[in-house]
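Notes for the one structure printed next.
The values are calculated or read from the model by the stated rules, or taken from the named source; none is laboratory data. As the structure is a computational prediction, the values presented were derived from the model and not from experiment. When we count neighbours, we look across all protein chains shown, and the Cβ atoms used for this are built from the backbone with ideal geometry, even at glycine. SASA here: full protein model, heavy atoms, side chains in, ligands and nucleic acids out. Shrake-Rupley method; radii C 1.70, N 1.55, O 1.52, S 1.80 Å.
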Amino acid sequence: MNGRISAYASYELGRMCGSGRRRLSNLFGRSLGRRMAALILVGAGLVLTLVLGYSHFAQRARILANAAREGDALAQSVVYQIQVPLGRAEAVVQQVALFLATEQLGRTENVDLIRRTLEAHPALFGMAVALSETAADQNDFQILYGFRDKGAILVRDRESPLLDYQHDWFHLPYYRKTPVWIEPYYDADARTLMVTYSVPVVRGEEVVAVVTCDLSLEEIETLLDELPLGEGSIAVLLSQRGTFIAHPEPRLIMRETIFSLAESQTHPETARAVHQLGRNMLSGSPGHMRCPRPFSNDMAYMYYRCVPSTGWAFGVFRPEAQVLAPLFRLNKINALVALTGLTLLLIPAMGIAWSVAGPVRRLANAAQRLATGDFDTALPPVRTHDEVAQLTGAFEQMRRDLRRYIADLTATTAAKERIAGELSAAREIQMSIVPKRFPPFPDRPEIDLYALLIPALEVGGDLYDFALLDEDHLYIAIGDVSGKGVPASLLMAVGKTLLKSTVQSVRAPARALAHVNDELAEGNESCMFITMFCGILNLKTGDFIYSNAGHNPPLLARRDGTVERLDDAPGLILGIASGAAYEDHSRRLNAGDLLLLYTDGVTEAMDSAKLLFGDDRLREFVHRNGHQAPQPLLENLGTAVHAHAGSAAQSDDITALAVRYRTQRSGGEDLSPAADITRPTPDATVSFRNDLDELTRLAGWLQEQGSALRIPASLLMSLNLALEEWLINVISYAYGDDDEHRIVVRLWRGRDELLMEIEDDGRPFDPTVQAETDTSLPLEHRPIGGLGIHFIRQTMDRLTYRREGGRNRITMAKSLVGGSA
C-alpha cells in the first residue's frame, strides 16, 4: 500500500508541476510586454465600445422618435386631404336629404333636383333618390339614379328596385336612421373604384326615402401615388372592414383584406404581426408599429391614422433600413474614429509594457526550474516592493507547500482506498444476502416469481426475500433500510434474516413484524429503521395474508385487467420504538393474478426536471403490462424507470418483486394471461410484403377469416381498423432500408376472446410504454404523433408487446363476451 501511495504522490507532484509549467508557459512564454499592451488596448477598446454603444442607442431612439413624428404628420396630412372631398360629399347629400324631408316632390322635380346637384358638384359621379316602399305607393317613381356618361348627366329609374332595397346603400341607413358610408366597390360601367354615401330622409319618425351619392376614388388614388415616400416605402388605404382600397400591388385592391393577407403568410410570427397591425389600424386611434413586411419578412415601421368620416385607415410603410439609414452612417463614422484612436494608443502602450516585463521574465526562468522539482533553486533578488516582489514571495511559499502536500497526499490516498473498500464490501453484502436464482421453484408450476434489484451508485439498503414455508405456503417480503453504505447493508442483513426466521416460526406476518421491530428497536442508538412488507400466500386457496410496516403499498393486477392497491393502513416502521402493534390483512388471489412489491426507488425515480416516476405512472404501467410474466414485466419496468430518468443519475436502489399465482385446468392448461397470448397453433396466418398496397389484400383475408371463424361484424370492423393503423406505422417507419421484408399476422378465436398477433423484423418499438395522448388539449397544443396508438388502445381490450429473436411481436386482444363485442 505504501508503494502505491508513493507512486500516486509522485504522479500528483508531477501533475502539479506540469500544470504549473503549462500555466507559467501560458503566462510568461509569450511576450508579457505584448500582452500588457494588448490589455491596455482592450481596456481602451471597451471604453470606446461603451461610448459608441450608448451613442448608438441614444441616436437610434432620437431617430425613431423623429421618424414617428414625421410619419404621423404625413398620415395626418393625407387623411385631411382624403377627408376634404368626403366631407363635401356628405354636406351635399345631407342638404338634399333635409330638403326632401320638408318637400314632397314628384318624379319630375326629383329628376331636376338630381341633375342640378350633379351639375353643381363635378366631384360627384352619381346620385340617387330611393323612396321607401310605402312612399313609392304614393308617388310616381321608386328609385331614380343620376350619373355621368361621356360628359352628359343621365337620370334613370332603377330597373330592379326590389333588389336595391336589399343592398347596404339602402338597407343600412333605412333601418339605422343614420347616414352611412358603404364599403368601396368597383364600378364596371365607370371602370373605377367607387364609394357611396347614404342619408335617410326622415319625416316625423318614418324614413320615407334614402338619398345617396357615388364618389369616385380616382382622386384619392392619384393623391397616394404622388406621395414623396422614398424607395421601398408604400402607402395603403383600408376600408372599415380592412379591405385594401389603395395598395401598390393591384392584385390586393378590393380582393384582399389585411386579415386575409395575414393568414396567407408562411411565417407564423409575420402572420400574427400583420393581424395585430390590422386591428391597430382599424381601432380608430393614430399610432405606429414595427412589424415584418408581408411576404418579405423585412422589418418596417407602419405609421397610420383613421379617416374620421368613413372609418377607413391610412398607413405608410417605411422600411426599417430607410428609417435607420442616418444611424448606420453615423456608426460608420464613429467606428472609423475609434479605430484611429486605438492605433495611436498602441505606441505608448508598448513602451509601458516593456518596462514592466523585464523583471517578470527573469522570475519566469527561475519558476520554470522550480516547476521541474528543483526546490533548491534560488529566486532572483527583488529590490522593489511591487507586484513582482509579491509574486516572488508567492513562489517561495509554493515551494514549502509542495513539500507539505506530499505528506497530505499520502494520507488522503489511504483514506480514499479505505472508503472504496467500504463501499465494495457494502455492495457485496447487499447482493449476497438476497436470493438470485430464477426461477426459484421450477417444480412448482402454480407460482411464477421473479425479483429485480438495481443498486444505485451509493450502496443503499433495499432487500427482498421469498421462501416456501411448506408445500402450500409461499413467504415473500420486500424492505428498504434508511441510510447508505455498510451500516445500511448490515441492518438489511440482520432484518432480512430475523424476519425470515420469525415467519418460519409464527406463520403470521403481523406477529413476525412486531417481533422484528422489538429486536431492532432495542439498543438502536443510531436511530436507523426499515420499512418492510411481508406476506404469506396459500398456494391451494389463493389466500394472501400480509402486513405492512410503513412500506410502499403493493399492487395486485387481476386477470381481468383491473389493478388494486393494497393500501390498508400501515403499521410503524421497524426499529423506531418497541411495542408497536401490526395488523394482518388478507386478499384472495385468483388464477392468473399478479402481485407486485416494490420500493420507493421505483416511484421516486426523478428525471433531470425533478419529475417523479410516481404512483400513477407505475399503476398505469402495471395495468398495461400486468399480463406479462414476472421476469419480462420487471425487466420492462426497469427499462421504463431508466427511460423516465433519462440522463439523471440514479439516486436510490430500484427493487421489485413480482409473483403470479397460477392454478392448473383439467388437462394441464395454464391459466395465466401470458399462456393465452402464446397459444401454439393459430386459427389463421397470413404473410405479406412491407408495401402499403398489400393492405387491400390483408383486408380481404381478414374478411374471409371473419366469416370462417364467425366473428361479429362490428368486432371485425374494429379489428380491421386497429390492424390497418398499426401496419401503416410499421410499413412507414419500422425499416431503415428499401429492401423487402415480410410481416406475419396470426389470428386466434377463443371461446371468450379474440387474439391477433403482428410480427415484423423492424426497429424495436414498444407501444405499451408510450405516454397517453391528452385529447383534452386543443389541436394546436398537442404534440405531433401518438393518436394512432391512442386509437388502438381505445379500440382493443388489451395490448401487449415483446421482442423475440430480433422481431417485434404486438398482440391485440378483444373480448367476445357481452357488450365488449
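Within the stretch 161-169, identify whether any single residue is open to solvent by less than 60 Å² (accessible area, probe 1.4 Å), farther than 16 Å from VAL199 by Cα and either part of a strand (DSSP E or B) or of a type in the set (Asp, Glu) (or both), and answer yes or no. No. Restricting attention to the stretch 680-711, the residues that are surrounded by fewer than 14 Cβ atoms within 10 Å (Cβ to Cβ), assigned to a loop (DSSP other than H, G, I, E, B) and of a type outside the set (A, V, I, L, M, F, W, C) total 5.
Does ASN524 count as of a type in the set (S, T, N, Q), open to solvent by less than 40 Å² (accessible area, probe 1.4 Å), within 48 Å of the chain's Cα centre (by Cα) and more than 25 Å from HIS642 (Cα to Cα)? No, not satisfied. The residues listed here are VAL111, VAL129; of these, the one that is outside any loop (DSSP other than H, G, I, E, B), farther than 22 Å from THR310 by Cα and either of a type outside the set (A, V, I, L, M, F, W, C) or in contact with a Leu (Cβ under 7 Å, 6 or more places away or on another chain) (or both) is VAL111.
Checking VAL506, VAL494, VAL486, VAL516 one by one, the residue that is out of contact with any Asp or Glu (no Cβ under 6 Å at 6 or more places or on another chain) and within 24 Å of ALA456 (Cβ to Cβ) is VAL494 and no other. Quick check: is even one residue across the stretch 180-192 β-branched (Val, Ile, Thr), in contact with a strand residue (DSSP E or B) (Cβ under 9 Å, 6 or more places away or on another chain) and within 30 Å of MET299 (Cβ to Cβ)? No, the stretch 180-192 contains no residue that is β-branched (Val, Ile, Thr), in contact with a strand residue (DSSP E or B) (Cβ under 9 Å, 6 or more places away or on another chain) and within 30 Å of MET299 (Cβ to Cβ).
Considering only residues that are aliphatic (A, V, I, L, M) and in contact (Cβ under 8 Å) with a residue 60 or more places away in the chain, look in the stretch 179-198 and name the one that is nearest to LEU86 (Cα to Cα). My answer is VAL195.
Tally the residues that are surrounded by fewer than 14 Cβ atoms within 10 Å (Cβ to Cβ) and in a helix (DSSP H, G or I), restricting the search to the stretch 220-263. Final tally of qualifying residues: 5.
Matching residues to (1) more than 46 Å from the chain's Cα centre (by Cα); (2) modelled with pLDDT under 90; (3) among the acidic types (Asp, Glu):
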position	(1), (2), (3)
ARG427	no, yes, no
ALA467	yes, no, no
TYR475	yes, no, no
ILE478	no, no, no
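Evaluation of LEU671 against the conditions (1) out of contact with any strand residue (DSSP E or B) (no Cβ under 6 Å at 6 or more places or on another chain); (2) modelled with pLDDT of 50 or more shows that the sole unmet condition is (2). For the stretch 551-565, a tally of residues being buried (at least 20 other Cβ atoms within 10 Å of the Cβ) and over 15 Å from ARG660 (Cβ atoms) returns 2. Evaluation of ILE677 against the conditions (1) open to solvent by less than 50 Å² (accessible area, probe 1.4 Å); (2) modelled with pLDDT under 90; (3) closer than 30 Å to MET606 by Cα shows that the sole unmet condition is (3).
Inspection of the stretch 282-300 identifies no residue that is more than 46 Å from the chain's Cα centre (by Cα) and either at pLDDT 90 or above or open to solvent by 30 Å² or more (accessible area, probe 1.4 Å) (or both). Going through (1) in contact with a Phe, Trp or Tyr (Cβ under 9 Å, 6 or more places away or on another chain); (2) part of a strand (DSSP E or B) one by one, ILE545 falls short only on (1). For the stretch 311-330, a residue qualifies if it is open to solvent by 30 Å² or more (accessible area, probe 1.4 Å) and assigned to a strand (DSSP E or B), and exactly one does: ARG318. For the condition at negative phi and part of a loop (DSSP other than H, G, I, E, B), PHE147 does not qualify. Looking across the stretch 598-630, the residues that are over 24 Å from GLY461 (Cα atoms) and among the acidic types (Asp, Glu) come down to ASP616, GLU620. When LEU229 is tested against (1) modelled with pLDDT under 90; (2) in contact with a helix residue (DSSP H, G or I) (Cβ under 6 Å, 6 or more places away or on another chain), just one condition goes unmet, and that condition is (2). In this entry, ASP593 passes the filter for residues that are touching a Lys or Arg at 6+ places or on another chain (Cβ under 8 Å), buried (at least 17 other Cβ atoms within 10 Å of the Cβ) and modelled with pLDDT under 95.
Among the criteria (1) open to solvent by 50 Å² or more (accessible area, probe 1.4 Å); (2) closer than 21 Å to ASN690 by Cβ; (3) touching a residue at least 12 places away in the same chain (Cβ under 8 Å); (4) not aliphatic (A, V, I, L, M), the one ASP737 does not fulfil is (3).
Only a single item in (1) open to solvent by 30 Å² or more (accessible area, probe 1.4 Å); (2) in contact with a Phe, Trp or Tyr (Cβ under 9 Å, 6 or more places away or on another chain); (3) modelled with pLDDT under 90; (4) not β-branched (Val, Ile, Thr) is not met by ASP140, and it is number (2). Within the stretch 331-340, is there a residue that is touching a Lys or Arg at 6+ places or on another chain (Cβ under 9 Å) and either open to solvent by less than 30 Å² (accessible area, probe 1.4 Å) or at pLDDT 90 or above (or both)? Checking the stretch 331-340: not a single residue is touching a Lys or Arg at 6+ places or on another chain (Cβ under 9 Å) and either open to solvent by less than 30 Å² (accessible area, probe 1.4 Å) or at pLDDT 90 or above (or both).
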